[in-house]
Ligand SMILES: NC(=O)c1ccc[n+]([C@@H]2O[C@H](COP(=O)([O-])OP(=O)(O)OC[C@H]3O[C@@H](n4cnc5c(N)ncnc54)[C@H](O)[C@@H]3O)[C@@H](O)[C@H]2O)c1
C-alpha cells in the first residue's frame, strides 16, 4: 500500500493506494457513525462488499450519472443525512465515481457546516483526479460545477479492486485525466510512454493512478484554492472539453477532456505557445485513448458555453490552459471571436 500525504492548509489529507484500501476504509470507520453515499450502479455491483466492510453504516443510494449531479440529488443526500441524525463528527464516505465524490463531498461540506469526509473512488477518473484535492460541486442551470466548495477529505482510499468491473468506456474516460497529467508531469509522461502497450493491464493502470495522484498532491499542496494559479494547470484541455460536454452531453467527462486537449493542441500550435512537433506529440498521446475525434457540432454554441467557464477573468475572453513543452503549460486568454474562429476551423474533427 502506498501512502501519499497532502499537507494542505485547510486540513491535511492522506491518500492510501493499493489492494486492500477498501478494507482499510472499513477499519478506519469501524465503531464510528458512518453514512455511505453511493450510486445505483456501484451499489448493484458492490452491495455485499459494502455490507461486509461497513456493517453498521447507513447507505444512501442515488441514481447514477452526470445528469443527476444537481441540486435535487444534493438535497436528497442532505435530507437522508438529516433523517439519519448525523452529527458533525459523523463520517460521510463517498463511494463511487467523480459524480458521487463531488456531490457527497459538497453535502459533507454543507451539513452542519462540515462533517467528516472520506473518499473511496471507484472509477479510474475518480482515483487519478476527482477524489484528491478537495474540490466538490454540483452542476446548476446548465453550468458545470458552478455550485461547490473546497472541502478536503481526511482520507482517500484508492483500491484497484474497483477497476475489474469498469466498462472499457470508463477506463478510456479515466485515461483522459491520466493523459492530461502525462502532458503536465514528466514522471507520469515517461511511465505512460514506456507502458503504452499495457493500457488494458489493470495493474499498470494502478501504477499510472499512483503517479497521477502524487503529481496532483504536489499541485494541490502548492495551490489548494487555485489562488496562485498553479492548480489551474489541471484544467488543461478542459475549457473546450467542458463546452463540448455541455453542448452534447453524450460522452463522459474524461472523453471530453481528451477531445478538448486534441482541439486545444491546434490552438497552442497556431498561437505559438508550443511547437508543431510538441502539439503533434500531445495529439499522439490523446490517440492512445481516443483515436476518433468527432466534429465540433456548433461553434456559436461552443463559444457560448466556453464564455461561462469559471477560469475566465475578463468578459468577452476565453481562458485556456495550453500545452507548452514537456512538463510545461501556459495560460492564454483569447478574445471570444478569435476562439470562435478556431472552433469553426475545427468543425471537421478527424473521424
Ligand atoms: N472534483 C474534482 O476535482 C474533479 C476532477 C475531475 C472530474 N470531476 C467530476 O467527476 C465527474 C466524472 O467522474 P466519473 O467519470 O467517475 O463519472 P461517474 O461518477 O458518473 O462514473 C461513471 C460511471 O461508472 C459507474 N461506476 C463507478 N464505479 C464503477 C465500478 N467500479 N465499476 C463499474 N461501474 C462503475 C458509475 O455508476 C457511472 O455510471 C464529473 O462530474 C466531473 O465534473 C471532478
### Query
At q = 0.18, 0.28, 0.29 Å⁻¹, what log₁₀ I(q)/I(0) does a Debye calculation on the Cα points of segment 113-180 give, no solvent, two decimals?
-0.79, -1.17, -1.19
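Quick check on segment 1-85: what does the Kirkwood estimate of hydrodynamic radius come out to from the alpha carbon pairs, in Å? Let's see the in-between values first.
On the way: mean 1/r = 0.0677 Å⁻¹.
One decimal place: 14.8 Å for the Kirkwood radius.
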### Query
What share of the DSSP beta bridges in segment 2-165 is antiparallel, in percent to the nearest 5?
30
#### Entry: Alpha-carbon Debye profile of segment 170-260, log10 I(q)/I(0) at 0.13, 0.19, 0.22 Å⁻¹
-0.45, -0.91, -1.10
### Task
Give the Rg/Rh ratio for segment 2-165, taking Rg as the radius of gyration of the Cα atoms and Rh as the Kirkwood radius, to two decimals.
0.92
### Hull shadow area, averaged, the chain [alpha-carbon convex hull, nm²]
15.9
### GNM flexibility winner over the chain from 261, 103, 112 (Cα, springs under 10 Å)
112
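For segment 168-348, what does the equivalent ellipsoid look like in terms of its semi-axes, each the square root of 5 times an eigenvalue of the Cα gyration tensor, given largest first in whole Å?
Working: eigenvalues 124, 69, 45 Å².
After diagonalising the Cα gyration tensor, the semi-axes are 25, 19, 15 Å.
Laboratory data are not the source of any read-out in this text; all were calculated from the coordinates shown. Just so we're clear, the structure is a prediction, and the values are computed from it rather than from any experiment.
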